[in-house]
Amino acid sequence: MADETNEKRSFQRIFFSIEDGIKGIIAFADHQRGIIVAHIINIGEGGLGLAVSKDKKDKIAKGDQVILTHITGMQGLESLVNVDAEIKWLMDDQSLEFVVFGCKFLDIPELIRDAIGTFIDSWPMK
């Protein structure tokens, strides 16, 4: 079995805190569970990391097909609308206030991938 702790990402990411107020509006591909608003904690050309309050943990599961309908609280990523993604991992640690999960973009148009890359390249390193 492969060591899952190794970094598997192919793309650079930028990270945000919950306090930054950057949110992703997530709809479910099956259209049965409505939408959730999640804090974006990181983003890269291949996907994004999100956090939701523990009371929403029953709405999400590894393997769910979701749609990032749009992002709020961030200038420069307006082109990220209706992007298909899959929840690849989920972490609900008792010591954390939030449930965090990672989504991989599916069949993302090259134009949107390039826009994310440009955004990341222009992000001031802190």
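Points worth noting:
- Qualifying residue in region 4-11 (condition: under 17 Å from residue 120 (Cβ atoms), charged (D, E, K, R) and part of a strand (DSSP E or B)): no
- Test: residue 17 is open to solvent by 40 Å² or more (accessible area, probe 1.4 Å), more than 14 Å from residue 102 (Cα to Cα) and either at pLDDT below 90 or under 11 Å from the mean Cα position of the chain (by Cα) (or both): no
- Region 70-104: number of residues that are modelled with pLDDT of 95 or more, open to solvent by less than 60 Å² (accessible area, probe 1.4 Å) and more than 22 Å from residue 18 (Cβ to Cβ): 1
- Residue within region 76-92 that is without any contact (Cβ under 8 Å) to a residue 24 or more places away in the chain, touching a Cys at 6+ places or on another chain (Cβ under 7 Å) and not polar (S, T, N, Q) present: yes
- Considering region 38-59, the residues that are touching a residue at least 24 places away in the same chain (Cβ under 8 Å) and open to solvent by 70 Å² or more (accessible area, probe 1.4 Å) include one that is nearest to residue 82 (Cα to Cα), namely 59.
The values are calculated or read from the model by the stated rules, or taken from the named source; none is laboratory data. In this text the structure is predicted, and so the values were computed from the model without any measurement. Glycine gets a Cβ as well: all are built from the backbone with ideal geometry, and neighbour counts include every protein chain shown. All accessible areas refer to the heavy atoms of the entire protein, side chains included, with ligands and DNA or RNA removed. Shrake-Rupley method; radii C 1.70, N 1.55, O 1.52, S 1.80 Å.
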